[in-house]
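First up is the structure itself, then whatever we jot down about it.
Read-outs throughout are calculated quantities, based only on the coordinates presented, and are distinct from any laboratory measurement. Since this is a predicted model, take the numbers as computed values, not measurements. Quick reminder, even Gly has a Cβ in these numbers, built from the backbone with ideal geometry, and neighbours come from all protein chains shown.
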Amino acid sequence: MVLTGFRPRRLLVVVAVLFGVLAAGVAPAAAHAALTGSDPAQGSVVAHAPEQVALTFSEGVAMGNDSLRVLDPQGKRVDRGKLRNLCSGSVVKYGAGLPPGLPNGTYTVAWQAISADSHPVSGAFTFSIGAPSKTAAAVPQQQVGGGLVGALYEIARYLAYAGFVLLVGGAAFVVACRPAAARVRSVQRLVVRGWALLTGATLAMLLLRTPYTGSGKLADVFDFGGLQQVVMSKPGAALLSRLLLLAAAALFVAVLFGAYARLHAPDGTDANDTDGSDGTGEAEDAEDAEDTEDAAKRRKDLTFGLAAGGTVLAAGLATTWAIAEHASTGLQPAVAMPVDVLHLLAVAAWLGGLAALLVSLYWGPPVERTAVRRFSRVAFGSVLVLGATGTYQSWRQVGSWHALTDTSYGQLLLVKVGLVAVMVAVAGLSRRWTGRLTAATPGTNRTNHTNRTDRTESTAAPAVAQDTSAPSDTEDTPAADTAGSGGPADPARVAQLARQQAALVTARKKRIRDADPVRRGLRRSVLTEAAVAVLLLAVTTALTTTEPARTAEAVKAASADRSPDANQPRVLNVPFDTGGADGKGTARLDLDPGRSGGGNELRLRIADPSGKARDVPQVEVSFTLGAKKLGPLPVALRHSGTGHWTASGVQLPVPGRWQLSLLVRTSDFDQVTETRNVTID
């Protein structure tokens, strides 16, 4: 970015003020779905087999019948294999039914889904029926979207962003800042390679989508059945739409470097116009004037058409990201998606234009001062748009100051802001070089001479090869080697001399260009900006695949609610011995959810030393809170089966360290009372 006419410190102040609104939001937002709850709860022990396993997510997800699997302790799938949509209102919930009569033991729940922002998410957890078993199914260690396929997909995602920036920003630089660059090969290659890079990366993402969101096996890129399903999904449709837009973009590029380049030929007219230098009369001069006016009108019309069509294409390409990623879900998607489009267009205009300016400065004729100043204005406008749109999107995904340092998303965002600040600082150096360039009048003639040399590069070399008086620097002129004083020249030798002369012209231009210390300093500062821009684009890509701070904070809060200290049942195993025959055994007590207030359920199981459930003549449970002088509070137990008792609506009025008393009588004379402490929140 080359910024002229303003102080970089002012921009830093503007960015700081805009960034300050990050702490203003309090409304929840989400992107990147996360599991916020489950029934049964993770790690819980339930007395009886549940009718189903249900999962609750932070946002809408796409799931199929195989997306939720329940495995028994031996690893055999036991769910009914049909997903149930349990969503109600704003609650996103899915479940899978379980058959009745499941035996006791530890069960594993493995799940995977596709977020509304196109990212795959997965996980696994366990719960137990009756009591935990010694064996359990293996919990999947690799998350969906990881491994080699995940790495390839993320590389393709980065290359797609880079291709978009080069294609859109390079074309915008030509149309808005330097039309003469349409004839510069380095700029042509930059834009064309940007188009090829974006097209190739989009095709790769489309093929990798099946293994990326499913099996994780690279061979599945050839699964055409899976590809068909991908195309029918929102991310797949966005990628396919991008390919169709790229086909139209190919036509745009052809016109830009074809008809548009010819209309900006060195003599100011298109290839069919003459320069009117034969001096045959006023009629010819009038005709030349009409041709020049007509060429100017054609240039103006074509420039307007390319600007309008290019803007539509660029906005369409940017929309393919907005409708399939973070902006499409969470808080205010109707506002966020247009804002995201503006953000991407501003990034492309800034970084892509910077790349086009860089290759123009290093490989091509000297860049006109007016072109540099035009790009300065475009870059400055892009930075202002980035500041506004980036702040809004950051507020959506972060929302508070502490999330900036407590989450990976916030930390990456701080790195991104730091890189932007570095680019603005380097832009200050570029501004100084640009100011010197504007004032460097001696270099103007040299620049104009170089431009004239470049304009005649394609046609002058053969002529110079046959006219040894043309070059002004004799040391640069190859020795003439004619076939004979009167005979025709050797065509091969003429071609060789033409190539040599073209190389000499290029070398002369490079010497003249590199001799200007102002332009050399400008090139170096722009190169530094471009290097930082590469890192900035990498961080931006990483942000699109990182769970937003709001979601991470919401999941953390939900996890705290589900923690053993708050939402998990209190489980106590109490050995006892009444002293009589068959007086030994173990009592297992489950208090669910184990918190103060009403609604607690107590489940009691009495087992003999072998672990088999057994009945006893009498069993009593009570709670006492000595610190508050509460209790003992007896629990009304109901016999529910051999060795099992239950009680509903157990009231523990206040949180604290309660003492549980368990009385077990195994005969008319043998009984014992055991006590245990249990913390209730």
Review point. By what distance, in whole Å, do the Cα atoms of the range 172-249 stretch along each of the three principal axes, largest value first?
Key: 50, 21, 15
Practice item. Calculate, in nm to one decimal, what Asp615 and Gln229 gain on full extension: separation in residues at 0.36 nm each, minus their alpha carbon distance. Key: 133.3 nm
**Study point:** Efficiency of FRET between Arg524 and Asp66 - r from beta-carbon atoms, R0 45 angstrom, step 0.05
**Key:** 0.20
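Can you give the direction-averaged projected area of the convex hull of the alpha-carbon atoms in the range 80-133, in nm²? Intermediate values should be presented prior to the final figure.
Working: hull surface 19.9 nm².
Taking a quarter of the hull surface, the average projection is 5.0 nm².
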Study note, to complete from the structure: At q = 0.11, 0.15, 0.19, 0.22 1/Å the base-10 log of I(q)/I(0) from the Debye formula over the alpha-carbon atoms of the range 578-681 is -0.34, -0.61, -0.93, -1.16
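Ranked highest first by the average count of other Cβ atoms within 10 Å around their residues, in what order do 190-198, 411-419 fall? Before the final figure, lay out the partial values.
Values: 190-198: 21.4, 411-419: 17.1.
Top to bottom by mean Cβ count within 10 Å: 190-198, 411-419.
For a protection proxy built on the mean count of beta-carbon atoms within 10 angstrom, sort 668-678, 652-662 highest first, please.
Packing proxy ranking, top to bottom: 652-662, 668-678.
Can you order the peptides 171-180, 355-364 by their average number of other Cβ atoms within 10 Å per residue, highest first?
Numbers: 171-180: 24.0, 355-364: 21.8.
Sorting 171-180, 355-364 by mean packing, highest first, produces 171-180, 355-364.
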Practice item. Report the paramagnetic label zone for Val534: residues of the range 353-390 whose backbone N is under 13 Å from a point 7 Å from Cα along the Cα-to-Cβ axis. Key: 355
